[in-house]
Amino acid sequence: MRVRSPQDLVGGIALIALAALAFSQIGDLRFGTASRMGPGYFPTVLAALTGLVGLVLAVRSLVLDGHGLESLNLRHGLPLLGAILVFGLTIRPLGLVLASGLLFLVSAFASPELKWRETLVASVVLIGLAVLLFVVLLDLPFPVWPRM
Amino acid sequence: MRFSTLAVTAFALALGSAPALAENFPSRPVTMVVPFSAGGPTDTVARLVAQSMSQTLGQQVIVENVGGAGGTIGAGRVAKADPDGYTILLHHIGQATSATLYRKLAYDPKTDFAPIGLVTDVPMTIVAKKDFPAKDLKELVAYVKANPDKVTLANAGVGAASHLCGMLFMQALQTPLTTVPYKGTGPAMNDLVGGQVDLMCDQTTNTTGQIKGGAVKAYAVTTPTRVASLPDLPTTREAGLPGVEVAVWHGLYAPKGTPDAVVTKLNAALKVALKDATVKQRFAELGTEPVAEARATPKALGDFVGTEIDRWRPLIQAAGVYAD
Amino acid sequence: MDSVFSNLALGFSAAGTPTNLALCFIGALVGTLIGVLPGLGPIATIAILLPITFSLDPLGALIMLAGIYYGAQYGGSTTAILVNMPGETSSVVTTLDGHQMARQGRAGPALAIAALGSFFAGTVATFLVALFGPILASFAQNFGPPEYFALMLTGLIGAIVLASGSVLKAVAMVIVGLLLGCVGSDIETGEQRLTLGIAQIAEGINFTTLAVGLFGVAEILRNLEKTQDRTILGAKITGLMPTWADIKQSIMPVLRGTGIGSVLGILPGNGAVLAPYASYTLEKKISRTPQRFGKGAIEGVAGPESANNAGAQTSFIPLLTLGIPPNAVMAMMVGAMTIQGIVPGPAVMTENPTLFWGMIASMWIGNLMLVIINLPLVGVWVRLLKVPYRILFPAILMFCCIGVYSINSSGIEVMLVALFGAVGYFLVKHGFEPAPLLLAFVLGPLMEENLRRSFLIARGDPMIFVNRPLSAFLLLVAVGLLILVLLPAIRKRREEVFHEEE
């Protein structure tokens, strides 16, 4: 059997996986009846529909011609997502300035053309701007520096 | 978090003793955590109190909104914060009900906090859609008992003040009603005004405007005394339903282990805030007033949290609803 | 009629004081600035700025916040057009044709039409609010749970009609959006659903977090892949003003958009969200050249932008006359009023007419200011695009992170952005469109709530949906739309229309 639309096949499998994840979470939520729905009613029906649509999509990909897979861009993707994760992890212990600095550092690896000097200048200016806007002007309760 | 705990410990050791810290308190801004999003009734109370406390303490008291999971995320953060008085919590009645509503709570509302004092009691009102047949609370009770299958009771979600008051109301009448839950008071009031549901019990903060505007019918206020903004409305006790007494009380807490001297300073600032003319006036506009000075104390709040946890536990357990 | 004018006069004199004019201007400017920053929509903006209004008098505070609201929406449309990033659900539609126009070097006309259309819609809607506010509010009051449910259903089926590409994939996105909307605590029992044990999503996934991830981060990733596109886009922009032909093409869509937006905005339950979608669907349906839509049709910017702004204005009606916030932004306004010691409700109009009418007047003033701020500044926004992307993208990323962090002061919330960013990128790479997902995510919980509530109120009797004329009518519309999508002939034509934008 030949896969005619790899894009749809992967999409369909992802939907089925999502449905499986949802089912694993529904656990003992009461289903109820159509006229007296329990907390599990909507999630169950929707998870089933997600799986069904995924299945149709996957099966269809074997019959109908469609798009090929595009390569995922990990070269840019990993540093970019990494930068967000680092910011989320460090904002509370380290404060706005250092967390943003780390964000710039990590995301620099996602840059199409890396220029360290430019990145440094830009990050200093932008962090200064962010502190001015959010902390000085808007008076938001952000930790600016590590505490103590 | 661990970094800062270490830092505080090191700092305290360097200074030799904790009281030295307390004497200089506060030497930097204090963060008042509100475990709900900005703009809600609790947030309003917090901001009014924080503004006055800033003046008294000579350091800014910054309100930080840490919403989510019925207030337990913000409360949990304060419970685990450094016990130095720089992170405090303003929470309402949910502090006591969460002990039962959340079976997997990561902190103990009773023992993980150093209470500072009670702040205010917001009264609640029993209201109905404007063409509801009953004229007064007596008729209402009779009507509900006679037609339990017809009457619907709205609330603003599990654990909300309106939910608690509703449970109390049904218990007092010994009559289970169809409860219609909403997400928040706004949509619930919308459907009450639109006549889609029959009854609700909610805070004066939300109902006063609708009552005065004639959009809903009011039957009683749930506090021992009448409220100034609705002088014609009888109390539940006067109207013959003494069991339904509930107010949305607000308390101020520091993490457990906060030095007594710091708690005393914070409490003194709270007491000043509760006498502040602006605070009083704004509270009055919200249909509430500061608590009496005797109740704005650490002991009063500590005892009250215990009493309230015990009061609501059987009710919540009987209803069988949990938020976790 | 006379009283309307005397009321408006009272309003204009209250809103026209130098202080209030200044506050209106600051609000509009700050709103535009922050709205332009991708990932920060009006909800996040107002949430961030709410604390500042504490020190102002009530009318001034509300005028400034309202200014921020429109300003952020204008700014949000600007980012939608220039960077393909909607600030809020309402500007999702603008990305479809607005960004295509920008890619063709017509960013200027797109921005100008968006601003002028919005101003026109704002003017009309302001008078509508003044004229019909009280009357229309009592009509919207007839909406009960069954009507809401029917309305949401219509909206979702509309989203499928509107999605480009495969119908099956659009259906999948709507279902996944509904499923994500289920995450959080159950409304009736409070039980946790699908939360994977993460406390931050115990009350549901945050809209801003999801939107910033799905649209903002995924878009940065896509841009990094093909940086050359951006340089072309920056170089081609020439005329900023629309041509006469552009204006002629836009007049009717603006009028229709204003009408649709005004009506939908009044509905409590965030009808305004549907306005741009409804307008876009309509414009595409009646267009003689529907194949131009999605490829830079100016009608696809003019109509939805007008509808959006009209809806934004009239959504003040439920708030001002009933004290009921129809959407998240209005909930913030309730917060602002409460902070100021005003209980929003029917009493405001009678007890505090200066505030009520002053705010309405300030809406018009604010819209005028926005045109004045925006049209000359379009050049500044365009110049923003000439900044090399290697500098721009970390800046966008930082503001996204700070914005999301500020919602609940939660680092985990920020980390969720990375997750949704990865999901958004996966979707785009596999031919799924995230817009219907986002709409379904917003409408899903409301739909479930109202469906369950309808059954509760009717005690399990499904006839409640057909016995009520409004609900029955809306359900008929939904069924009609469904048939429209499923009819083989129409489906074929539809797929031709959308085939293939990229």
## Note on the structure
Taking the stretch A:1-41 and keeping only residues that are in contact (Cβ under 8 Å) with a residue 24 or more places away in the chain, facing another protein chain (nearest Cβ under 8 Å) and polar (S, T, N, Q), one is left with A:Q7
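Would you be able to say whether some residue in the stretch B:70-81 is facing chain C (nearest Cβ under 7 Å) and either β-branched (V, I, T) or buried (at least 22 other Cβ atoms within 10 Å of the Cβ) (or both)? Let's see the steps before the verdict.
So the first thing to find is which residues in the stretch B:70-81 are facing chain C (nearest Cβ under 7 Å), and the list is B:73.
Pick out the ones that are also either β-branched (V, I, T) or buried (at least 22 other Cβ atoms within 10 Å of the Cβ) (or both) and you get B:73.
There is at least one residue in the stretch B:70-81 that is facing chain C (nearest Cβ under 7 Å) and either β-branched (V, I, T) or buried (at least 22 other Cβ atoms within 10 Å of the Cβ) (or both).
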### Task
Select, from B:V279, B:V272, B:V244, B:V262, the only residue that is part of a loop (DSSP other than H, G, I, E, B) and farther than 21 Å from B:L105 by Cα.
B:V244
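Closer than 30 Å to B:F304 by Cα, under 23 Å from the mean Cα position of the chain (by Cα) and in the same structural domain as B:D191 (by TED's automatic domain parsing): is that true of B:L173 in this structure?
When the stated conditions are applied, B:L173 does not pass them.
Would you check if there is a residue in the stretch C:438-446 being out of contact with any Pro (no Cβ under 8 Å at 6 or more places or on another chain) and open to solvent by 60 Å² or more (accessible area, probe 1.4 Å)? Before the answer, list the steps.
Within the stretch C:438-446, the subset out of contact with any Pro (no Cβ under 8 Å at 6 or more places or on another chain) is C:438-446.
Next, only the ones that are open to solvent by 60 Å² or more (accessible area, probe 1.4 Å) stay: none.
No: zero hits.
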### Meets criteria (away from every other protein chain (no Cβ under 12 Å), crowded, with 24+ Cβ neighbours inside 10 Å, touching a Phe, Trp or Tyr at 6+ places or on another chain (Cβ under 9 Å) and closer than 26 Å to B:T97 by Cα) for B:L153
no
### Query
What pairs can you find where one residue is in the stretch A:47-62 and within 12 Å of A:S5 (Cβ to Cβ), the other is crowded, with 20+ Cβ neighbours inside 10 Å, and their Cβ atoms are less than 6 Å apart, with a gap of 6+ or different chains?
A:L57/A:D8; A:L57/A:G11; A:L57/A:G12; A:A58/A:L9; A:A58/A:G12; A:S61/A:S5; A:S61/A:D8; A:S61/A:L9
### Query
Before we move on, is B:V141 modelled with pLDDT of 90 or more and of a type outside the set (D, E, K, R)?
yes
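For residues that are in a helix (DSSP H, G or I) and at pLDDT 85 or above, tally how many sit in the stretch C:441-472. Talk me through it step by step, then tell me what you get.
Keep residues of the stretch C:441-472 that are in a helix (DSSP H, G or I), which gives C:441-457, C:464-467, C:469-472.
Adding the requirement that they be at pLDDT 85 or above leaves C:447-457, C:464-467, C:469, C:471-472.
Going through the stretch C:441-472 one residue at a time, the tally reaches 18.
Just to verify a result, which residue in the stretch A:63-82, among those that are touching a residue at least 60 places away in the same chain (Cβ under 8 Å) and facing chain C (nearest Cβ under 7 Å), is nearest to A:L102 (Cα to Cα)?
Pass one, the stretch A:63-82, residues touching a residue at least 60 places away in the same chain (Cβ under 8 Å): A:64-70.
Keeping just the survivors that are facing chain C (nearest Cβ under 7 Å) gives A:67, A:70.
Values: A:H67: 38, A:E70: 31 Å.
Across the stretch A:63-82, the extreme among qualifying residues is A:E70.
With the condition being at pLDDT 85 or above, I'd like the helices (runs of 4 or more DSSP H) fully within the stretch C:328-434 carrying at least 3 qualifying residues.
Details: elements: C:328-339, C:346-351, C:353-384, C:389-408, C:411-429.
In the stretch C:328-434, the matching helices (runs of 4 or more DSSP H) lie at C:353-384, C:389-408, C:411-429.
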### Message
The conditions are (1) within 14 Å of chain C (Cβ to nearest Cβ); (2) open to solvent by 30 Å² or more (accessible area, probe 1.4 Å); (3) assigned to a loop (DSSP other than H, G, I, E, B), and B:V227 fails exactly one of them. Which is it?
### Response
(2)
### Message
Kindly evaluate A:L103 against the criterion of being among the hydrophobic types (A, V, I, L, M, F, W, C), at the interface with chain C (Cβ under 9 Å from one of its Cβ atoms) and touching a Gly at 6+ places or on another chain (Cβ under 8 Å).
### Response
no
### Message
Tally up the residues in the stretch A:32-76 that are crowded, with 16+ Cβ neighbours inside 10 Å and farther than 27 Å from C:L178 by Cα, please.
### Response
2
### Query
Yes or no: A:L85 open to solvent by 20 Å² or more (accessible area, probe 1.4 Å) and either farther than 17 Å from C:G216 by Cβ or more than 7 Å from chain C (Cβ to nearest Cβ) (or both)?
no
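Kindly evaluate C:G300 against the criterion of being at pLDDT 70 or above, small (G, A, S) and more than 25 Å from C:L264 (Cβ to Cβ). Quick ask: steps written out before the conclusion?
Working: at pLDDT 70 or above: yes; small (G, A, S): yes; more than 25 Å from C:L264 (Cβ to Cβ): no.
Judged against the criteria, C:G300 is not a match.
What are the residues in the stretch C:176-189 that are facing chain A (nearest Cβ under 7 Å) and within 21 Å of the chain's Cα centre (by Cα), if any?
Taking the stretch C:176-189 and keeping what is facing chain A (nearest Cβ under 7 Å), we get C:176, C:178-179, C:182, C:186, C:188-189.
Result: C:V176, C:L178.
Each row is one residue, and each column tells you yes or no for (1) open to solvent by less than 10 Å² (accessible area, probe 1.4 Å); (2) of a type in the set (A, V, I, L, M); (3) at pLDDT 85 or above.
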residue: B:E23; (1), (2), (3): no, no, no
residue: B:V33; (1), (2), (3): yes, yes, yes
residue: B:S37; (1), (2), (3): no, no, no
residue: B:V45; (1), (2), (3): yes, yes, yes
residue: B:T87; (1), (2), (3): no, no, yes
residue: B:A99; (1), (2), (3): no, yes, yes
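The values are calculated or read from the model by the stated rules, or taken from the named source; none is laboratory data. In this text the structure is predicted, and so the values were computed from the model without any measurement. Because the Cβ atoms are built from the backbone with ideal geometry, glycine has one as well, and the counts that use them run over all protein chains shown. The accessibility values were calculated without ligands, DNA or RNA, using every heavy atom of the protein model including side chains. Shrake-Rupley method; radii C 1.70, N 1.55, O 1.52, S 1.80 Å.
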